[in-house]
Amino acid sequence: MAKLKVALYWAASCGGCEISILDIGAKILDFVAGAEIVFWPCAMDFKYHHVEAMPDGSIDLTLFNGAIRTSENEYMAKLFRRKSKVLVAYGSCAYEGGIPGLANVTDREGIFKRVYDTTPSTKNPKGIRPQTKTKVPEGELRLPEFYDTVKTLAQTVDVDYFVPGCPPTGERTWEVLEAILGNNLPEKGSVVGAGQKTVCDECPRTKNEKKIKAFVRPHLVIPDPDVCLLEQGIFCAGFATRDGCGAQCIQVNMPCRGCYGPPPKVIDQGAKIVSALGSIIDAEEPEEINRILDQIPNPIGYFYRFGLPYSILRRRVIK
Amino acid sequence: MFEPKIVCFLCKWCTYAGADLAGTSRLEYAPNGVNIRIMCSSRVDPEHILWAFDRGADGVFVGGCHPGDCHYQDGNYKTLRRIELFQRVLKQFGLENGRLRLEWVSAAEGRKFAQLMDEFTEQIRALGPIKLGSRKGGQDGGSTKKEETS
Amino acid sequence: MKRIGVFVCGCGINIAKTVDVKKVVEEIGHYPGVVYATDYQYMCSDPGQKMIQEAIEREHLDGIIVAACSPTLHEFTFRRASEAVGLNPYQCEIANIREQCSWVHQDKEIATAKAIKITKSIIEKERLNDSLSPISVFMTRRALVIGGGIAGIQAALDIADSGYEVILVEKEPSIGGHMAQLSETFPTLDCSQCILTPKMVEISHHPKIKLLAYSEVVNVGGYVGNFNVKILKKPRYVKEDLCNNCGECFKVCPVVVPNEFERGLGSRYAIYIPFPQAVPSICTIDADACLGLFPLACNKCKEVCEPNAVDYDMKPEIIEETVGAIVVATGYDLLPSEELKEYGNGRNPDIIDGLHFERLLSASGPTQGVIRRPSDGKVPKEVVFVQCAGSRDPEKHLPYCSKFCCMYTAKHALLYKHRVPDGQPYIFYIDVRTAGKGYEEFYHRVSEQEGVVYLRGKVSKIFQDGDGLMVWGVDTLTGKKVEITADMVVLATGAVPAEGSKKLFANLKLACDENGFLSEAHPKLRPVESLTPGFFLAGAAQGPRDIPETVAQAGGAASKVIGMFSQEMLLHDPIVAVVDENLCSGCKICISACPYDAREFDEEKNIVRVNELLCEGCGACVAACPSGATQQQNITDDQIREMVKVVLGE
Amino acid sequence: MKLPYYPGCTLKDRTSQLETTALACAEKLDVQLEEMPNWTCCGGVYPVSETKIVNLVAPFRILKEVQEAGDDKLVTICDFCYNVLKRTNLIIREDSVKRTRLNLFLSDDDRRWAASGRRVGEGQEYDGGVKVLHYLEMLRDELGFEAVAAAVSKPLEDLKIAPYYGCNLLRPPLEMDLDDPEDPRIMEDFLGSMGAQVVEFPYRIECCGSFLSLSSPQIARRLCHTILESARKNGADAIMLSCPMCFYNLEQKQSEFARHFPGFRPMPVFFFSQLLALALGLDPASLGFERNFADPVPLLKEKHLV
């Protein structure tokens, strides 16, 4: 049997996902035994034109990480879609927008203004902004277009599978690769490399009835390692986050931030978090309720940390 | 004139009964809201509200029993807390808080229900049609209509 | 796909006038999944129901929608009709196109479009409905009656006579309520006490009735069939089983205070029995007045008490009981005269209310039935009766009619005339309402034969003027201002819910109307049931009413309780929450959200389960469940989303 | 405490003793009442007795000026002004159409002021936010009757005073919302704080006839006579009131009473501020008693108050 042709690509992401492939450890040898890497910008020197030159559908598997932020990201997403038999949105950014997706609380102008004007370290009296085309004596320079909105991979092209995680854990990644290498493919469109329950299922802490009188931020306290963090007033998104990560953060006394995305039956992770928190806050008078809610400084940042482009509203409404 | 689309989630015991009373009392009011009957306002999940906005609702109305009068003891307090928190989220989303309204209407307040429907319709009319990005996560964030995915 | 039938009701012209019923049928007929659609003038009528049943059988329908009036009215009717021909009743849904469409909109086009939307949204709900069967619940066949007035007495006796146990709770030391205070009753003028006291005695002797007088219900938990009731038994400081009501203690008690039963017109001692025929016939020590309590300064009654019943150290006691049904009969009070600033602000002793006058008329009252005015004991020669004092006055006081005042004022004037033949009664009225058997005749007798002057108009102001009371009013029949200098004024003050009932109803989570009276499940068809299952209403707690009506209604409430108890099992609505074990991760947020403790944690599987018997189906846990593992039967998230889509015209 | 104050026309003319005494007392009580610089007529009763929006302009402008000056309260003394300003304010607050139209109407003024350097735009729109206070209300709610009692140097101990309310202070009740219209206490409590003996009489909230004293004087006369006689019957030495109109009917018109009601004896009538001035120890000669028909000085002498 011929080796499977495998490509990896990063779009708007931190690069962690590309590296995370190595988390499969020694299994990497089994992987390369069955697979031929045709593109991996982080590890190997291939050029875009190499991909462009490949026949359509000639790549067996593309693990695409990162969100779609620029025209380049979009171009590459479409390119890999065309060239690949199986396209996997790998990691939270490709799957649900990820941390870059939080930029959807503003738009291009908002970002440029901040980056090129108002940051304290910026001195830009001429108000120079990046252009897609710039004439220089040597000719014309080009930059990809920066979009207003961060999109998920699936909002741009058709995606076969989704692997959540920031980054996906090595164990889960191997399960996915193994399934693909063994041609043991699940139903198209599935979220793979993750469970069907929530992080609470993997969380070893004891849980009780929850009545929250106050929220505290995790760096201000040393939480009891055996008791549900939420019950201690620390906002933990585990209850509304798909399991599969092994509750790693929680095991080191840090709250879940929700990177595995919503559990299977939940459409909007943030809305569900609102609904659940609203049920367990222990107050009935509006003033008291608001006093407690004031302790959550940035609801979107907490509730949609990894999934703003994937949420029902997808982004902030810019007037 | 812009005719807002409004979804109303009404608890069966108070607000839905109040809406019935408005009918029995033949109080005419704005026809923009369509009612969905649920057992208690605490059945309303913010997800439903987002879903409605995304599907083109210009306004969402949630009606429950007055505080202390909940048929299910304290369901309306859960609703109150959820909506208070959710309003904060919506504000960050750039949606006017006026598009989501939580009101307490008892079974005896048919007149109040009719007035609220008129008032809320006017309120939404003043805010104008909802503007959301395309459902494919579109670039503009400003176009009114959305294309369908899937 | 389900085969759905839609039946659009015209409701005579109630719906058809503003909703183009034919057009609704036509549009809906083309809607996916709808295999049959039709309209009819009266769906709820026998032929209408028959038509639905035939269509279900003929078209092999899996689900039906009746687009008609509010589901509160006929959901049950149509579900029963569906069930009769083998369609699961939970596959029958109602689209409310009358109360929430045709009656509130005028424009036919808009109303029709809206009716179509409403109907489609219900079709979407129905499409995903499961066939359900009611959940059977064990029930405690034992009733609680709150309030020992004539309503509570009657309900308790009726239930107990059917063989079921009854706990009767009364907050005062004796049962009897306001009826015990009345002198004679209209229109027959038989003595109130003569007809009431035998019933009171029956209560005290009935083997099935447990009477808890001087007690209050503080909390009700549980649900229909299985209420857990906490009752506070206030200390009487007299041992019930020992006191034989010999009366020796009264003779030595040094403290004299106004007697509440006499509405302050008479007095009693700190140790007392409210009236001679009180049931239970036991003394009570008024803790506020007694010198023997905290600290002990006097123990005269203890010294003379032969059976040694006095116990200064008695403590309040909480009694817990389990009952299946609760009859609320907390009755009424009169609007305090202090509220009526224009009628003397309650400060003038000679401006009294109807119950005061009853005590003046009563042969066992403070004046032995001689009419004497409170200020100086003089027999009043000119008495003005003011009807609707505080009633039918939405601007300032109560908006509603207190119903029994017209009749009792007529009776008062008549009895006054009999006791003081040379006296002159005047009655100011808005209009005289005599809707009851023999009432109109009685009114005619009073107004035409007994020399009572009826003046049609309101009284604007009453004030002390020298020795007399100046009454300013108007006679609208002559258009003249009327000034009467009266010796005494009797205000027919409006009836309000009994003191403390607001707190009690809030505690019991019972729905009230805007005036604080209990709301019934349906004003016409279910007048003695509360909206909360297991609660039944009797007497003036639901609204002002006279004795015959109260007794009839109490009987009605009792028969509802008896009917419930005679069922083998109680059926519980299956619209409960369910948990998908494959999705639940045991975060326990639902446990905090459930108001009924209907959530149980399974340690072994690390999941939460629902106790169907306890689940009331509010759905709070469904919204709260952050993993989407919980759904509500037939009100699932999918259903709500589909309904929203259709409502928005998708 | 510093508060803006609106006098109104009557206080500058016919009943100036009401203003002078009230202001003197305020000073004594450490309340600075600052007369508004540009006050105009409140419009009499017309603004609130007809539905024409133009009638509301005068009181609207007065209130708007208070807000523009950065104040949120306005003290009045005359019952008519109080009634008109308070009710106009309520209309502005509750009727958005009238509010907008009145604001638009007066925006012309804004433009003119802009020329003179005043700011236009932000915060210029008047929203009904000013709280209109009657002097008595100010004493009760802002200062507190305890503070009045503490400042009293000459308690009116032997004086039997019947407080008379009239109509404008209390009605229409929902709008005025000063006190219970059927059983008001504010004047009684005020008198109590000065140590006077309060005489309650049934006619204290009946009508004095108001403007009927001009068109049908016999009616107003009869009403006033009944009021005075009832007060006397209930043991009053004098009547206390707050309204210039009532003062005119109940006091000034006493000059005609003897002709119509044989045996009528004049009865002293005080403005509340005159009694307050007495109690606070101000010079009795400065209180304007010379303007009374029924001279109160003999009574005050008898009670050793002058």
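The values are calculated or read from the model by the stated rules, or taken from the named source; none is laboratory data. All figures in this text were calculated on a predicted structure; none of them were measured in a lab. FYI the Cβ positions are ideal-geometry reconstructions off the backbone, even for glycines, and counts take in every protein chain you see. Please note that ligands, DNA and RNA were not included when accessible areas were found on the heavy atoms of the full protein model with its side chains. Shrake-Rupley method; radii C 1.70, N 1.55, O 1.52, S 1.80 Å.
Summary table below
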| quantity | calculated |
| --- | --- |
| Equivalent ellipsoid semi-axes, chain D, via Cα gyration tensor eigenvalues times 5, rooted, Å | 36, 22, 16 |
| From phi via Karplus (6.51, -1.76, 1.60), per-residue ³J(HN,Hα) for segment C:109-114 in Hz, x at Gly/Pro | 5, 5, 5, 5, 4, 5 |
| Per principal axis, descending, Cα span of the protein assembly as shown in whole Å | 129, 91, 71 |
| Kirkwood-Stokes translational diffusion coefficient of chain A, alpha-carbon pairs, 37 °C, 0.692 mPa s, µm²/s | 154 µm²/s |
| Rounded accessible area per residue of the protein assembly as shown, 1.4 Å, Å² | 40 Å² |
| Equivalent ellipsoid, segment D:2-133 (semi-axes from 5 times Cα gyration tensor eigenvalues, Å) | 25, 18, 13 |
| Estimated translational D of segment B:1-87 in µm²/s (Stokes, Kirkwood radius over Cα pairs; 25 °C; 0.890 mPa s) | 182 µm²/s |
| Percent carbon-and-sulfur accessible area, segment C:166-222, ignoring ligands, DNA and RNA, probe 1.4 Å | 56 percent |
| Label zone at C:Phe138 (point 7 Å along Cα-to-Cβ), backbone N below 19 Å, segment C:216-237 | C:221-229 |
| Positive-pole candidate from C:Leu583, C:Leu189, C:Ala297, dipole of chain C, charges at beta carbon | C:Leu189 |
| Accessible-area ranking of A:Lys113, D:Lys64, C:Lys120, C:Lys480, largest first, probe 1.4 Å | C:Lys480, A:Lys113, C:Lys120, D:Lys64 |
| Cα Rg, Dmax (largest Cα-Cα span) when computed across segment A:3-144, Å | 18.1, 56 |
| Stretchable slack from C:Ser204 to C:Lys315, in nm (0.36 nm times residue separation minus alpha-carbon distance) | 37.6 nm |
| Carbon/sulfur fraction of accessible area - segment B:6-135, other protein chains in place, 1.4 Å, % | 49 percent |
| Low-density loop positions, trypsin sites (Lys or Arg not before Pro), segment D:1-57 - DSSP coil, at most 12 other Cβ in 10 Å | D:Lys52 |
| R0 of 41 Å, Cβ-Cβ distance A:Glu145-A:Val216: FRET efficiency to nearest 0.05 | 0.45 |
| Positive dipole terminus of chain C, leading residue within C:Met569, C:Gly436, C:Gly48 (C-beta point charges) | C:Gly436 |
| Percent of Cα pairs exceeding the 25 Å cut-off, where the set is segment C:333-496 | 23 percent |
| Percent of Cα pairs exceeding the 14 Å cut-off, where the set is segment D:20-75 | 63 percent |
| Cα convex hull of segment C:170-292 - mean projected area over all directions, nm² | 9.9 nm² |
| Listed residues C:Asp513, D:Asp141 arranged by accessible area, highest first, probe 1.4 Å | D:Asp141, C:Asp513 |
| Alpha carbon convex hull of segment C:4-127, projected area averaged over orientations, nm² | 6.1 nm² |
| Segment D:230-303: Cα Rg divided by the 2.2 N^0.38 Å rule of thumb | 1.10 |
| Under 18 Å from the D:Lys28 label point (7 Å along Cα→beta-carbon), backbone N, segment D:155-169 | D:155-161 |
| Label-point gap, in nm, between C:Ser375 and D:Ser286 - each point 7 angstrom along Cα→Cβ | 4.6 nm |
| Estimated FRET transfer efficiency when R0 is 22 angstrom, pair A:Glu36-A:Lys188 (beta carbons, to 0.05) | 0.40 |
| Computed E for C:Glu303/D:Phe261 - FRET, C-beta separation, R0 45 angstrom, nearest 0.05 | 0.10 |
| Residue-averaged 222 nm ellipticity for chain C, from DSSP H runs of 4+ at -39500 (n - 2.57), nearest 500 | -8000 deg cm²/dmol |
| Scaled radius of gyration (Cα, divided by 2.2 N^0.38 Å) that segment D:177-245 gives | 1.19 |
| Label-to-label distance, nm, for residues given as A:Arg114 and D:Glu146 (7 Å Cα→Cβ offset) | 5.4 nm |
| In order through segment A:95-104: 3J(HN,Hα) via Karplus (6.51 cos²θ - 1.76 cosθ + 1.60), integer Hz, x for Gly, Pro | 6, 10, x, x, 4, x, x, 4, 5, 5 |
| Separation between Cα centres of segment B:1-60 and segment A:173-190, rounded to whole Å | 45 Å |
| Kirkwood estimate for segment A:34-100, i.e. one over the average of 1/r between Cα atoms, Å | 12.4 Å |
| Electrostatic dipole magnitude of chain D [Cβ: Lys, Arg +1; Asp, Glu -1; Cα centre; debye, to 20] | 900 debye |
| C:Asp46 accessible area, 1.4 Å probe, all protein chains in place, Å² to nearest 10 | 120 Å² |
| Whole-percent pair-distance distribution, where bins are 5 Å wide, for the alpha carbons of segment C:573-633 | 4, 22, 37, 25, 10, 1 |
| 5 angstrom amide H check on A:Arg205, placed H, neighbours 5+ away | none |
| Computed Kirkwood radius, in angstrom, where 1/r is averaged over Cα pairs of chain B | 15.7 Å |
| Stokes-Einstein D for segment A:199-303, Kirkwood Rh over Cα pairs, 10 °C, 1.306 mPa s (µm²/s) | 113 µm²/s |
| Distance (nanometres) between label positions extended 7 Å along Cα→Cβ at C:Glu604 and C:Asn245 | 6.1 nm |
| Over segment B:1-52, volume per residue of the alpha carbon convex hull, in Å³ | 65 Å³ |
| Residue-by-residue Karplus 3J(HN,Hα) for segment D:141-155, coefficients 6.51, -1.76, 1.60, Hz, glycine and proline x | 9, 8, 9, x, 5, 5, 5, 4, 4, 5, 8, 5, 10, 10, x |
| Computed log₁₀ I(q)/I(0) - Debye formula, equal Cα scatterers, no solvent, segment C:402-476, q 0.14, 0.22 Å⁻¹ | -0.49, -1.07 |
| Segment A:144-244 - Rg (one decimal) and Dmax (whole number), Cα, Å | 18.3, 51 |
| Linear extension gain, D:Arg185 paired with D:Ser216, 0.36 nm per residue minus alpha-carbon span | 8.0 nm |
| Hull volume in cubic angstrom per residue (convex hull over the Cα atoms of segment C:45-84) | 66 Å³ |
| Share of alpha-carbon pairs per 20 Å distance bin for chain C, given as whole % | 16, 38, 31, 14, 1 |
| Candidate residues A:Thr132, D:Thr51: accessible-area rank, largest first, probe 1.4 Å | D:Thr51, A:Thr132 |
| Hull-based mean projected area of segment A:1-70, where the convex hull spans the alpha carbons, in square nanometres | 5.3 nm² |
| Shielding score for B:19-26, defined as the mean number of other chain Cβ atoms within 10 Å | 6 |
| As computed over segment A:107-147, the Cα convex hull volume per residue (Å³) | 78 Å³ |
| Tensor-based shape of segment D:151-306 (alpha-carbon gyration tensor, a/c under 1.5 rounded, otherwise prolate or oblate) | oblate |
| Among B:Ile49, B:Ile36, B:Ile124: highest mean-square fluctuation, GNM of chain B, C-alpha pairs under 10 Å | B:Ile36 |
